[in-house]
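The values are calculated or read from the model by the stated rules, or taken from the named source; none is laboratory data. Bear in mind the structure is a predicted one, so any value in this text is a computation, not a measurement. Virtual Cβ from ideal backbone geometry, glycine too; neighbours counted across all protein chains shown. These accessible areas exclude ligands, DNA and RNA; they are computed on the full protein's heavy atoms, side chains included. Shrake-Rupley method; radii C 1.70, N 1.55, O 1.52, S 1.80 Å.
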Amino acid sequence: MSTAAPAVPVVDGIPYARAGRDELRAEVAGLLAHGEVDRARVALLADADDWWTEPPPPPEQLARVPAARTLRAAMDALGMGRVADYFAHRWSDPTHLAGLALLQQHWPGGRPVVDVACGTGTHLRELARRGCTDLVGVDVVWAKLWLARRFVCPTARYVCADVTGVPDLGVPTPAYVLCHDAFYFLRDKPAAAAAMRALAGDGGTVVVGHAHVADPHGEPLTPEGYAAVLGTDLLYDDAELTDALLTGRPPRPAPAADLHASEAVALVAGDPRCPAPVDLGEPLPPLRPNPLYADGELRWPSERYAGEYGPRSAYLPSRWPDPLPADAARRRLLVDLPEAW
């Protein structure tokens with residue numbers, strides 16, 4: 001007789017259905033059955049992705065996460081280290097701008113959106129602020145979804161699961177399925193692509209942004225490899241997308257054969273949709289000075305961050321300009337940070 005998998009427990013409104021974590025699901029379900037919500041939350045906050053090599057913080061530290069009043073304080077309590085730098089400063093990095101350009105050119109419109117490997121919900125927040133209402137974020141790390149729901153985009157629904165084992169999301173089709181800056185980490189890319197197509201349904205759209213062509217931290221493919229897996233010939237160079245957003249023009253697609261020198265590529269499969277009716281290059285108010293500037297100087301949060309994003313962030317001057325240029329917001333000198341950043 002087969003043993004049924006543990007039921008999907010829900011803590012703070014976020015179901016935990018991650019594959020390969022039956023013991024943890026059973027532990028959390030048992031804690032919830034005994035009213036131990038705080039201990040269940042701590043157990044889920046300690047769970048990391050398979051690429052993460054650092055040990056989790058002690059339980060007493062994780063128990064303090066709900067008391068954090070800002071995104072940065074919560075990430076510090078979670079011990080997110082170098083990853084916290086990326087999430088804290090996502091609003092102005094070239095990868096995020098490339099993702100916005102992709103949304104600008106291929107807008108979901110009124111269709112439901114599923115953001116696969118959504119992290120802390122940066123793209124979901126942008127979609128929500130631009131009028132999209134049916135939003136779902138999926139990620140294997142429950143803590144990231146908790147941060148997204150608490151600090152970044154509380155109006156979206158979140159489910160902790162692998163894309164190849166996601167439970168029924170109740171999302172009508174055709175849908176718009178997005179995966180940005182994560183697809184190259186997925187080990188079984190054909191299975192992931194098939195799952196994303198199934199989520200999108202007939203006539204739906206699958207968008208993969210910032211898929212690394214060469215990166216020591218993932219399992220990248222060639223541009224042709226990504227195109228074959230996703231079944232599309234609509235590709236963009238990531239640097240071209242960033243430049244298009246900064247200059248306010250449509251991005252130019254390119255054949256896969258011309259993208260071998262790219263750091264990363266983006267792909268759109270299925271219904272390409274139409275461009276957005278609004279300019280995503282202009283962040284929405286209220287705007288604040290980019291926190292990367294301190295005492296008038298551009299200061300990267302770490303050497304790793306500087307090495308990855310510095311060479312591609314020429315739109316951020318080394319010194320704070322006075323007066324500010326007319327395109328200060330487009331160049332992300334001014335940014336639309338979450339209220340509790």
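Things worth noting here:
- Rounded to the nearest 20, the Cβ-based charge dipole of segment 72-180 about its Cα centre (Lys and Arg +1, Asp and Glu -1) stands at 300 debye.
- Protection proxy ranking of 257-265, 301-309, by the mean of other Cβ atoms within 10 Å over each peptide's residues and highest first, is 257-265, 301-309.
- The residue list P286, L246, G270 was ranked by how far each Cα lies along the charge dipole of segment 229-296 toward its positive end, using unit charges on Cβ atoms, and P286 comes out on top.
- Probing with 1.4 Å while keeping every protein chain in the model, the per residue accessible area of the chain equals 43 Å².
- When W142, W52 are compared by accessible area at a 1.4 angstrom probe, the order from most to least is W52, W142.
- Helix-derived mean residue ellipticity, 222 nm - over the chain, DSSP H n ≥ 4, -39500 (n - 2.57), to 500: -8500 deg cm²/dmol
- Dipole of segment 31-82, positive direction: furthest Cα of A46, A67, P57, with charges on the beta-carbon: A67
- Length-normalised contact order of the chain in % [C-alpha pairs under 8 Å, at least 6 apart]: 17 percent
- Applying 1/(1 + (r/R0)^6) with R0 = 56 Å to the Cβ-Cβ distance of R64 and T173 gives a FRET efficiency near 0.85.
- Label-point gap, in nm, between C274 and A194 - each point 7 angstrom along Cα→Cβ: 3.5 nm
- Our compactness index for the chain, the C-alpha radius of gyration over the empirical 2.2 N^0.38 Å, is 0.98.
- Simple point charges give the picture: +1 on the Cβ of Lys and Arg, -1 on the Cβ of Asp and Glu, and for segment 205-263 a dipole about the Cα centre of about 220 debye.
- Additional length obtainable on full extension of the chain from E36 to A294, 0.36 nm per residue less Cα span: 88.6 nm
- The chain - share of DSSP beta bridges that are antiparallel (%, nearest 5): 50 percent
- The chain, accessible surface, carbon-and-sulfur percent (1.4 angstrom probe): 54 percent
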